[in-house]
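A short reminder: the numbers here are calculations on the coordinates, not readings from a lab. Since the model is a prediction, treat every value here as computed from it, not as a measurement. Positions of Cβ are generated from backbone atoms using ideal geometry, with glycine treated the same way; all protein chains shown enter the neighbour counts.
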Amino acid sequence: MQVIILFDNSVYEKGFKAGWGISYFIEGGVLFDTGEAFEPLYYNMQKAGLGIADIKKVVISHDHWDHWGGLWKILEMNNNLGVYICPNFSWQFKQRVKNKGAKIVEVKPKDEILPGIYTTGEIHAGYKSGQIYEQTLVLKGQNGLSLLTGCSHPGILEIIKRAKELFGENIYLAGGGFHLLNSEDRIIRFIARQMKKQGIKKAAPTHCSGKTAEDIFSLEYKEDFVRFGAGRKIVV
């Protein structure tokens, strides 16, 4: 199963554009998150040989602007799409999707979005003075299970735990935002080593993980560190 990183803080493939946020296109037609804005996302889609018609389903990890920024223009161009969200997304977000004429699908744990593409369902976490709800995608590919994250607000270790509980399998790759941007080195190192102990073969922190986390994971994982960035294609 192929995954294309369409939007990220950094560029992997020359000619793509960077921006704050993340977006993945998963083989079969799932767009997971949409970055902060439509224009650079659409530019990168075209650069990757993709068009709006290639999107069959849209999944939004959590209700933050840098993960749904490109969604609204996509729905203006094609509102015949299911938008898969956590049940506890804000009513403002839900109403905005409805106003675009698109269908909202509130996910449950282990829902299959398309063959081989599942959601963990919403996982909640404390955020600032309130709560946040986030889902992660689980892909069943040629290497077993892989996780793609938006921001990992609940914690990447908690997400891994949930995925293992739901699917009962080891995880080949965990990649995406790990929410470690302001974390101390020792905490990042602990998380990287715990992931290795738990059998995560490859790690690909990006977006809100921060440069320090990328460097530490690179040292800990060595040849099994995977660098993400706009334009990167991986097979899982």
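Couple of notes before you dig in:
- Each residue in region 200-223 was checked for being crowded, with 16+ Cβ neighbours inside 10 Å and closer than 25 Å to residue 2 by Cβ, and 14 of them qualify.
- Applying the condition of being in contact (Cβ under 8 Å) with a residue 40 or more places away in the chain and outside any strand (DSSP E or B) to region 122-151 and asking which residue is farthest from residue 57 (Cα to Cα) yields 143.
- Here residue 35 passes the criteria (1) in contact with a Ser or Thr (Cβ under 8 Å, 6 or more places away or on another chain); (2) in contact (Cβ under 8 Å) with a residue 40 or more places away in the chain except the one numbered (2).
- Residue satisfying all of: in region 25-54; buried (at least 24 other Cβ atoms within 10 Å of the Cβ) and not hydrophobic (A, V, I, L, M, F, W, C); nearest to residue 138 (Cα to Cα) among these: 33
- Region 180-205, residues that are over 27 Å from residue 235 (Cβ atoms) and charged (D, E, K, R): 184, 185, 186, 189
- Members of region 46-68 that are among the polar types (S, T, N, Q) and not in a helix (DSSP H, G or I): 61
- Among the residues of region 74-121, those identified as hydrophobic (A, V, I, L, M, F, W, C) and part of a strand (DSSP E or B) are 83, 85, 104, 105, 113, 114, 117.
- Region 167-199, subset in contact with a Phe, Trp or Tyr (Cβ under 8 Å, 6 or more places away or on another chain) and under 21 Å from residue 110 (Cα atoms), residue surrounded by the fewest Cβ atoms within 10 Å (Cβ to Cβ): 167
- Being assigned to a helix (DSSP H, G or I) and either of a type in the set (Phe, Trp, Tyr) or under 22 Å from residue 105 (Cα atoms) (or both) is a property that holds for residue 43.
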